[in-house]
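Here is the structure we will look at, set down as structure tokens.
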Amino acid sequence: MKENSKTVAWNFKGEKGEFFLNNPHKTTGLYFPLANEGGMMSSITPLLGGDIKTSQNTFLMTPVSVGDLHNSKSSRNFWLNIDNSIIWSATGNSLNQNILCFEEESEESVKMEAGFLWQKIIRENSKFGIRSEITNFVPVNDDKVELMRVTIKNIKSEEMKITPTAAVPIYGRSADNIRDHRHVTSLLNKISTNKFGVLVKPTFSFDERGHKLNSICYSVQAVEDNGKYPIGFFPIEEDFIGEGGSLDWPEAVVKNTTNYCKENKNIDGYEAIGAIRFEDIVLKPGESKSYIVILGISDNSSSVEEYIHTYGSILKFEEEFEKNKKYWEKKLSSVSFKSSDKNFDLWMKWVEFQPMMRRIYGCSFLPHHDYGRGGRGWRDLWQDCLALLLLNPKKVRELLLNNYGGVRFDGSNATIIGNESGEFIADRNNIPRTWMDHGAWPYFTTKLYLDLSGDLDFLLQEQVYFKDKQCSRSREVDSKWSPDDGSNQKDAGGRIYKGTILEHILLEQVTAFYNVGEHNNMRLEGADWNDGFDMAGEKGESVTFTAFYGSNLMDLSKLLLSIKEKLGIEELEIAKEIMVLIDSISGKIDYDSVKDKNSLLENYFKLCIHDISGKKVKIDIVELSKDLERKAIWITNHIRKNEWIKNSEGFEWFNGYYDNASKALEGDFPSGVRMTLTGQVFPIMGGIADDEEVEKIILATNKYLRDEKVGGVRLNTNFNEVKLNMGRCFGFAFGHKENGAMFSHMTIMYINALYKRGFVKEGYEILDTIFKHCCDFEKSRIFPGIPEYINERGRGMYQYLTGAASWLLITMLNEVYGVKGLLGDLMIQPKLVKDQFDNKSACSAFTIFRDKKLNVEYINEDKLEYGEYKISSATLDGETLELNLVNKSLVIDKKVIDELTINVKHQLVIKLK
Ligand code: G1P
């Protein structure tokens, strides 16, 4: 353990994604997630700071924002008083150790090792001859506990006497109380001790839910490796730190006081701490000693002691630790990649892991995500399903079905989403906001599901609609609705109305089609994907999402024909009211007329303000398909004709937006060139732009948005204006978050779009830049994985919880490796560049397709570049396959896959010549 002066990059160790990093504490703002699917959510720093919670209202440790990570002294500490003269924190959290942080050559060295949901910190002090190794993880079951094993070792040549004290402050209340009765709520604390530690069960919880009797018990308990109980406790923080003391210089440790209390003590009304004193030990040279600390949030205090039985020995700790490793390894075994760059392949494991984290933490419970109260928004719900479709396809059908229950009959959707799958909460507070992009994502995700499964029947399954008082896309309020009506759309007879999933999808697309502003693009409303474009509600338009809906309409029109062909259905049943929106049948209107579109939509809205008729009509599939196609073609032509920009420097691209003054957002301006990446992504991805246009967009993007400094492509150029008629993001400093950072989600969607359109070299170059930047620890300062964005200084921000991860995963599998579904058939369409093939000229992707384990290996013996090679032969488990090439892609009938044995890894070998 040398290398104690310099920060060096993390390095992977082994094949499972585990990594190590020297001096992790010398980087500010690093944190790591520890969690289980039962609801325990921790964040932990290299100094064992961070927090522990199960919800917004139940934090065991004080909630932290990223800035608190270096400011707060509250941490999972473990103190050693050595020979009554040396005060040493095994976690590094003491006054003495903090001052060493800038030393080039200090006596203290730190090393971090981590894997999927565990962290180990090894700290060594050469001057004092002491070493600690601390492992933290959350067991993979429903228990809300975090476990910590502390091992201390005498590494000097004389024996040492040690007084050990564990000390974890117990906040024990709602995050709201940080600045809402922080002190008053400490008066609610009922603090007690048992044989193993300190328990806090506040009488009430004071938060937005009112004053409620509390049933949650927060606990910090510990045992020695030989099963011995602690000898006493300092449960009150002010007693532990002493007058004038602090959490990083506590009197009880510094003075080695013995005024601790024993078990069964009750003290109420103070800030609490799980400070646990163990019996003195004498360690001979080379000897070590371990302690298990158990941090719990439990619904009933009686289960607290159970934790000791379940986890309170070295054996049990290690067993659970192994289970944890195996569990996450299995979870992450559904997809993997093998290329010439092992680091990239392992880095992708961490990307794959990120959507799982967002399912657990939502967008709220890691230190950068210091907003929200848990759960995710509508958009994120669907983004996360993309990855789940690849990682855990079995569960997704039900999830998708449930999610559709959030669609309103006006084509918008619930904005408040509960924690349970399919739980949508009615808006009782009259918050009228509609994100115009929301209706576009469900179809995209559903299409991926249909392609993977071929389950077209899913579209014909029925589901309810969501109802609250918001109607007409939140422009009006339904005065007849009351919360007692429940949150489902009803018909005139008071019955809950159900329509097919296809009907839900149709509604989302066609209502959007008519919802246009002055320039005949879809209205921006509350915002689109860019949450920061939130101040152009009246006149703003999103051209780019018009393109997205346009491509959905085109795709859906084709899908309808597949339904007819594959399911043999001629007609569909849809709600009578919806016929108004299928104008090719109910009375054609002029799509060039904004007025006609708007009034048609108004007429439709009037039909569904409160209840609907409940009557259904039959519609011919082909006629419906033609109607959608007509709409899609109109959108394509409209955007290409009206939104193409050519600026004074000769660059060309699409204008993506109109601001609230109805002016185009992009182009030449006195303050400089204005361009957005979002404006380009969906016209490219959805085939609105032709190949020549894509080439021009790439040139403009490279000129105005590409920037190695931020590791990729910026979200926008510098507008040099706090643009009040567009959105709050222009209040952010340039280069941060939604104002011109390298915003991974959009950049990955750009890469995806480029690959889709065959611009492989260009897509790969950006992907490679992002990867290299993320791995360049000196610049990015993040653990493996993709951050939400990279800021102006090149630092990775908002790690783990980002839609970018799902998109990167599907981009890698479906586009880069070209392993994808085609309504249930398997399609092989490699878009790998020469560099990605290893020294055996091979690379491969493993996935589960139609429940079968499939390893798709590409052999490129002649080391040909993308564009030069073609699929020349294919074997499945050694048997030659018939080369059924459709547009140069190999299509393997689902029947072939279905005949394969389950639970066996099958080899599909594709030769490229
Ligand atoms: C976040 C939000 C996402 C939103 C994006 C841009 O991105 O979660 O819904 O579209 O900001 O405003 P993410 O964290 O998923 O990368």
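Some values worked out for this structure:
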{"read-out": "Matching residues, the stretch 376-399, being under 13 Å from S806 (Cβ atoms), outside any helix (DSSP H, G or I) and within 13 Å of the ligand (Cβ to nearest atom)", "value": "R376"}
{"read-out": "Pair list, Cβ under 8 Å, 6 or more apart: the stretch 839-855 residue touching a residue at least 12 places away in the same chain (Cβ under 8 Å) and part of a loop (DSSP other than H, G, I, E, B), other residue open to solvent by less than 10 Å² (accessible area, probe 1.4 Å) and not β-branched (V, I, T)", "value": "S841/N860; R850/G824; R850/L826"}
{"read-out": "Tabulated pairs, the stretch 447-465, first part of a helix (DSSP H, G or I), second hydroxyl-bearing (S, T, Y) and modelled with pLDDT of 95 or more, C-beta under 6 angstrom, 6+ apart or interchain", "value": "L460/T500"}
{"read-out": "Unmet criterion (only one of (1) surrounded by 19 or more Cβ atoms within 10 Å (Cβ to Cβ); (2) more than 14 Å from the ligand (Cβ to nearest atom); (3) of a type outside the set (S, T, N, Q); (4) not in a loop (DSSP other than H, G, I, E, B)) for F783", "value": "(4)"}
{"read-out": "Matching residues in the stretch 592-619 - criterion: being touching a residue at least 60 places away in the same chain (Cβ under 8 Å), farther than 18 Å from N488 by Cβ, open to solvent by less than 30 Å² (accessible area, probe 1.4 Å) and touching a helix residue (DSSP H, G or I) at 6+ places or on another chain (Cβ under 8 Å)", "value": "K597, L600, L601, Y604"}
{"read-out": "Any hit, the stretch 219-241, residues being assigned to a loop (DSSP other than H, G, I, E, B), of a type in the set (A, V, I, L, M, F, W, C) and in contact with a helix residue (DSSP H, G or I) (Cβ under 9 Å, 6 or more places away or on another chain)", "value": "no"}
{"read-out": "Residue check, G499 open to solvent by 10 Å² or more (accessible area, probe 1.4 Å), over 27 Å from R728 (Cα atoms) and out of contact with any Ser or Thr (no Cβ under 8 Å at 6 or more places or on another chain)", "value": "no"}
{"read-out": "Top-ranked residue of the stretch 276-328 - restricted to ones that are open to solvent by 60 Å² or more (accessible area, probe 1.4 Å) and basic (K, R), ranked as nearest to W79 (Cα to Cα)", "value": "K284"}
{"read-out": "Test: residue in the stretch 170-189 that is surrounded by fewer than 14 Cβ atoms within 10 Å (Cβ to Cβ) and of a type in the set (S, T, N, Q)", "value": "no"}
{"read-out": "Per-region count, the stretch 799-816, residues under 10 Å from the mean Cα position of the chain (by Cα) and either away from the ligand (no atom under 14 Å from the Cβ) or part of a helix (DSSP H, G or I) (or both)", "value": "4"}
{"read-out": "Sole exception among (1) touching a residue at least 40 places away in the same chain (Cβ under 8 Å); (2) open to solvent by 20 Å² or more (accessible area, probe 1.4 Å); (3) within 13 Å of the ligand (Cβ to nearest atom) for L366, by number", "value": "(2)"}
{"read-out": "Helices (runs of 4 or more DSSP H) within the stretch 480-586 that include 1 or more residues under 30 Å from the mean Cα position of the chain (by Cα) and within 16 Å of the ligand (Cβ to nearest atom)", "value": "543-567"}
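Table: residues versus (1) within 16 Å of the ligand (Cβ to nearest atom); (2) β-branched (V, I, T); (3) more than 24 Å from the chain's Cα centre (by Cα); (4) closer than 22 Å to A387 by Cβ.
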position: M685; (1), (2), (3), (4): yes, no, no, yes
position: Y704; (1), (2), (3), (4): no, no, yes, no
position: D707; (1), (2), (3), (4): no, no, yes, no
position: V710; (1), (2), (3), (4): yes, yes, no, no
position: T717; (1), (2), (3), (4): no, yes, yes, no
position: M726; (1), (2), (3), (4): yes, no, yes, no
position: G731; (1), (2), (3), (4): yes, no, yes, no
position: I770; (1), (2), (3), (4): yes, yes, no, yes
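The values are calculated or read from the model by the stated rules, or taken from the named source; none is laboratory data. Only a predicted model underlies this, so the values are computations on that prediction, with no experimental measurement involved. Cβ: placed from backbone, ideal geometry, glycine included. Neighbour counts: every protein chain shown. These accessible areas exclude ligands, DNA and RNA; they are computed on the full protein's heavy atoms, side chains included. Shrake-Rupley method; radii C 1.70, N 1.55, O 1.52, S 1.80 Å.
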